[in-house]
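Heads up: the structure comes next, in structure tokens.
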Amino acid sequence: MGIAPAAAASLFETSGPTTTANDIDQAVRRRLNRLKLAAAPPCSDAVFLRRAFLDLIGTLPTADEARQFLNWNKANKRIALVNQLLSREEFVQYWGMKWCDLLRVKAEFPINLWPNAAQAYDRWIRESVRENKPYDHMVRELLTSSGSNFRVGPVNFYRAMQSNTPRDIASTVALTFMGERVDRWPAERLDGLAVFFSCVGFKGTREWKEEVVYFDSVKAVDEQANGNLAKAVFPDGTPASLDGQVDPREVFADWLICRENASFARCAANRIWFWLFGRGIVHEPDDFRSDNPASCPELLNTLEKKLIASKYDCRELIRFIVSSQTYQQSPVPRSDSQQADTQFACYPLRRLEAEVLIDAICGITDSTESYSSAIPEPFTFIPEQQRSIELPDGSITSSFLEMFGRPPRDTGMANERNNQPTSAQRLHMLNSSHIRRKIERSESMKTLIAKFQKNPVQGAAEIYLTVLSRYPTDVELAVVEQYAKGSIGKRRAAFDLVWALMNSSEFLYRH
């Protein structure tokens, strides 16, 4: 196995464009020019490889996958890699996890879906991602479906709330699909939206904890008779015409997802951008309001139009974003201005999500995790081989996930996930027996350590490819060789190298 030469200028950058500029890049560059901010150069192939794997499938590349990409001479290999990743099952699981966070898939308090309903909801969400269901179709099903919450996954949208009064439903709808927090709305605006959900009925069955969500046509007739349906007003201020015969949810869904309603596509596009960059063009992605404007309005308009033109194909929008020069920038800013991050003059650094981090650690060490739930039901049993990004219920968790900021899924708000590093997290990675045992007991680590003992240079290269998805630089190799020659011994030196790389910012952070 050969050792690739170190990057000429920087480990994280390369010279020259790596892809053709698209409409995203033109919008961002115009904004940067007006603000006199310099854009970062393109990232290196090694950085792009790791970034694309983590952002698209929440998974690290294997050493073989890293080696193949880094040694691949295909002209458009980055685009080819993106297309491969978008077709992998891990894409379904990882992006399904993101939608599950937003849609509050959780069995226990305060959501109280119960395990079998949570799993039905989770299956519907991930299957929608798998079949690349258009986003507007997906939202329409969430808003208008009726049936058992154990059997009809999307009806759990109405169950996955801390309260299901019409006003509370309206608040959740505005937050989820319009990115607006109704605590800043005038009362009459919320009341006008709540009318559309005043005829949502809930009834139990003989099966324990099962509930049927339906359009209560009897109540609709009464609501029409007393004039309440006439009070329905769309969030843009347009009065609605409800006759009591048609489910008001369908009328609202028609308004929400129509192509002329820019707020729907704008919110969705901004959320997808947020999931890829860790920062929304409107930030937070659920805080659209007049006094929180988009950092780059032209960019948001570009994404909105792209999503509508693609007929709400989220996968196509993701491909469009990841193929841009803006996404493929180095994480090292060319300006000290705080606006470099907000204006996307470089790729924003951020810590790996709790689920992705523990999956990465388990993948490197071919180990497993144990998960548990406060609900003692068979539905909450999770095989240890299952990855964290595949967990079907927010109440199934582990001490690691809790420590590293996994969201509780109580509200669906983006700020529920806490990716801020803490001293407890650092100590756990540095000193815990949990991490040490994974390395010491790993058969794949034993194989790598054996390679290192035979040839420290070749072994170090394989360890770097496994942990950091890149080849070591000449300087790094020299340090490793020197350390291996010391009294500590080659076996201990190899173990320490794995441990040190897993505790490095380069491993713990997206870059």
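Which condition breaks for THR62 when tested against (1) farther than 24 Å from THR19 by Cβ; (2) of a type in the set (Val, Ile, Thr); (3) crowded, with 19+ Cβ neighbours inside 10 Å; (4) modelled with pLDDT of 95 or more?
Failing condition for THR62: (3).
Of all residues being more than 30 Å from ARG387 (Cβ to Cβ) and hydroxyl-bearing (Ser, Thr, Tyr) in the range 331-361, which is modelled with the highest pLDDT? Just the residue, please.
THR342
Only one of these is surrounded by fewer than 18 Cβ atoms within 10 Å (Cβ to Cβ), polar (S, T, N, Q) and touching a residue at least 12 places away in the same chain (Cβ under 8 Å): SER87, SER146. Name it.
SER146
Is it the case that VAL221 is on the phi < 0 side of the Ramachandran plot, among the aliphatic types (A, V, I, L, M) and crowded, with 18+ Cβ neighbours inside 10 Å?
For VAL221, the condition - on the phi < 0 side of the Ramachandran plot, among the aliphatic types (A, V, I, L, M) and crowded, with 18+ Cβ neighbours inside 10 Å - is not met.
Considering (1) at pLDDT below 95; (2) of a type in the set (Ser, Thr, Tyr); (3) over 24 Å from PHE109 (Cα atoms), say which one SER398 fails and leave the rest.
That leaves (3) as the condition not met.
With the checklist (1) touching a strand residue (DSSP E or B) at 6+ places or on another chain (Cβ under 7 Å); (2) of a type in the set (S, T, N, Q); (3) surrounded by fewer than 14 Cβ atoms within 10 Å (Cβ to Cβ) in hand, flag the one item ASN419 doesn't pass.
The single condition ASN419 does not satisfy is (3).
Pick from the range 323-376 the residues that are buried (at least 21 other Cβ atoms within 10 Å of the Cβ) and aromatic (Phe, Trp, Tyr): which of them is nearest to MET403 (Cα to Cα)?
TYR347
Is it the case that the range 468-476 has a residue that's of a type outside the set (Val, Ile, Thr), over 19 Å from PRO61 (Cα atoms) and out of contact with any His (no Cβ under 8 Å at 6 or more places or on another chain)?
yes
Condition first: within 17 Å of LEU317 (Cα to Cα), at pLDDT below 95 and not in a helix (DSSP H, G or I). Now tell me which residues in the range 230-284 satisfy that.
The answer is ARG259, and nothing else.
The values are calculated or read from the model by the stated rules, or taken from the named source; none is laboratory data. As the structure is a prediction and not an experimental result, all values here were calculated from the model. Cβ sites come from the backbone with ideal geometry, for glycine too, and all protein chains shown count toward neighbours.
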